[in-house]
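Working notes, structure below.
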Amino acid sequence: MDVNEPSPTARVVRFGVFEVDLRTAELRKQGIRIRLPGQSFQVLEALLLRPGDLVTREELKHKLWPENSYGDFEHGINAAVNRVREALGDSSDNPRFVETIPRRGYRFIAPINDGSNLPGPVLTDDPPPIAPSQPAAATDSEPRPSRKRSVLRPALAGLVVVLLAALAWLMRPLPSPRVTNTTQITNDGLTKGHFVNDGLRIYYTTAVAKELKFFQVSTQGGEPVPMPQLDGMRPLDISADHSQLLLRSNKDNTFTDDTLWVASVLGGAPSRLGDLVGGSGSWSPKGDQIAYTFGYEVRIARSDGSDPHTIATMPSGPYGVRWSPDGRVIRFSVWTEDTASIWEIFPDGTGLHRLFPKATDHSHWYGDWTPDGGYYIFMSQPLTRPGLWDIWAVRAGETGFHPGSR
């Protein structure tokens, strides 16, 4: 076996600043987890298990789609490999990790370390030596101060200091979020909308010759990649494992309710989500449920479209439903006459209330959480300045909000 090849029992493989846990399917860079969809991780795993060897496209096809004989496999493999490269900061033109073998497949070219050659404890069958017996030391009858107590007191005092310091750090005021810079991603001059992203790629729509077209593009910029099988669809959300897109049929390019669909981020034809019809939708963090809006109702269904049930009925049509990263609450927007507001509810249908009820001089609309749940970002419009929306942010647990950017 090649000295670079992971041992059959290896669970963690390291290369450069990256670490891959094959058991939990996790990729980390300097200890920070990098999300990688399931099929892309399978590609990385296949390459790591055979470093330096050619892994053919046919082998990857059978690994990713073992039971399918038909489909756009070429596009799917290309997309999966591209996502691996994006996660590793790699390039096909100047590869450091994944090398393309034209028309054949791919090869992992970086040295790896699975920890199998690290020194471990020395084992022996000999019993440990027995110390010679010593006579018991003479003891004084006078009591002496407890050594344990004298050590324990400063230790407890130190622990109290550490706890107080940690409490002060947790309660410190956080700075208001602000936009420090912007980066242009595309330059085709086309109007775009309906964005969702997973940190590596942005999925969006644009109108071309009055038809809604579906694209994806790297967050680092570059040439947009069309996804023609999703044309006429509007992206609503992306699953927590970044493997699937939640979509709504949008052939008329309006906000009206229509059929809900799911599709792989790697491409391919979408699939109907049961019989669900809605205007907006959001996956739960665990991926087992979907919150969506239908008419004047907010509903929840299982991720396969079954068991739909209503958790709230509003006086006007809700929209922009979003599930919090911790799964505790659902937020959505409601537009009544000339004013918009954001509402919150628990998934079991209790606790319905409006956010920022005292801010009656503003309309609030269409928000979402940061991935860590630390901030809720939304749009706000002063009623005295119609037509101009600002971006605002509220920290988790706060009822006020901080100005972000205009």
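The values are calculated or read from the model by the stated rules, or taken from the named source; none is laboratory data. Remember, it's a predicted structure, so these values are computed and weren't measured experimentally. So basically every Cβ, Gly included, is an ideal-geometry build from the backbone, and we count neighbours across all protein chains shown.
Structure data summary
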quantity: Residue within segment 344-359 that is surrounded by 16 or more Cβ atoms within 10 Å (Cβ to Cβ) and among the aromatic types (Phe, Trp, Tyr) present; calculated: yes
quantity: Single residue of segment 359-406 satisfying the filter (of a type in the set (Lys, Arg) and over 20 Å from the mean Cα position of the chain (by Cα)) that is modelled with the lowest pLDDT; calculated: Arg406
quantity: Candidate set: segment 55-73, residues that are surrounded by 13 or more Cβ atoms within 10 Å (Cβ to Cβ) and part of a loop (DSSP other than H, G, I, E, B); chosen: the one modelled with the highest pLDDT; calculated: Trp65
quantity: Residue in segment 222-230 that is within 23 Å of the chain's Cα centre (by Cα), modelled with pLDDT of 90 or more, under 24 Å from Gly367 (Cβ atoms) and surrounded by 19 or more Cβ atoms within 10 Å (Cβ to Cβ) present; calculated: no
quantity: Gly16 being surrounded by fewer than 16 Cβ atoms within 10 Å (Cβ to Cβ) and touching a residue at least 60 places away in the same chain (Cβ under 8 Å); calculated: yes
quantity: Tally of residues being modelled with pLDDT under 85 and of a type in the set (A, V, I, L, M, F, W, C) across segment 1-31; calculated: 3
quantity: The one condition in (1) modelled with pLDDT of 85 or more; (2) within 18 Å of the chain's Cα centre (by Cα); (3) more than 18 Å from Leu245 (Cα to Cα) that Arg50 fails to fulfil; calculated: (2)
quantity: Residues that are in contact with a Leu (Cβ under 9 Å, 6 or more places away or on another chain) and polar (S, T, N, Q), drawn from segment 264-299; calculated: Ser264, Ser280, Ser282
quantity: Candidate set from segment 303-323 (those that are surrounded by fewer than 14 Cβ atoms within 10 Å (Cβ to Cβ) and of a type outside the set (Gly, Ala, Ser)); member that is nearest to the chain's Cα centre (by Cα); calculated: Asp304
quantity: Selection status of Val329, modelled with pLDDT of 90 or more and surrounded by 14 or more Cβ atoms within 10 Å (Cβ to Cβ); calculated: yes
quantity: Pairs with Cβ under 6 Å, 6+ apart, first in segment 234-247 and buried (at least 21 other Cβ atoms within 10 Å of the Cβ), second acidic (Asp, Glu) and modelled with pLDDT of 90 or more; calculated: Leu246/Asp237
quantity: Single residue of segment 187-213 satisfying the filter (more than 30 Å from Val394 (Cβ to Cβ) and in contact with a Pro (Cβ under 8 Å, 6 or more places away or on another chain)) that is surrounded by the fewest Cβ atoms within 10 Å (Cβ to Cβ); calculated: Asp188
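Let's see how each residue does on (1) touching a strand residue (DSSP E or B) at 6+ places or on another chain (Cβ under 8 Å); (2) buried (at least 20 other Cβ atoms within 10 Å of the Cβ); (3) not in a helix (DSSP H, G or I):
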residue: Gln39; (1), (2), (3): yes, yes, no
residue: Ala46; (1), (2), (3): yes, no, no
residue: His75; (1), (2), (3): no, no, no
residue: Asp93; (1), (2), (3): no, no, yes
residue: Glu99; (1), (2), (3): yes, no, yes
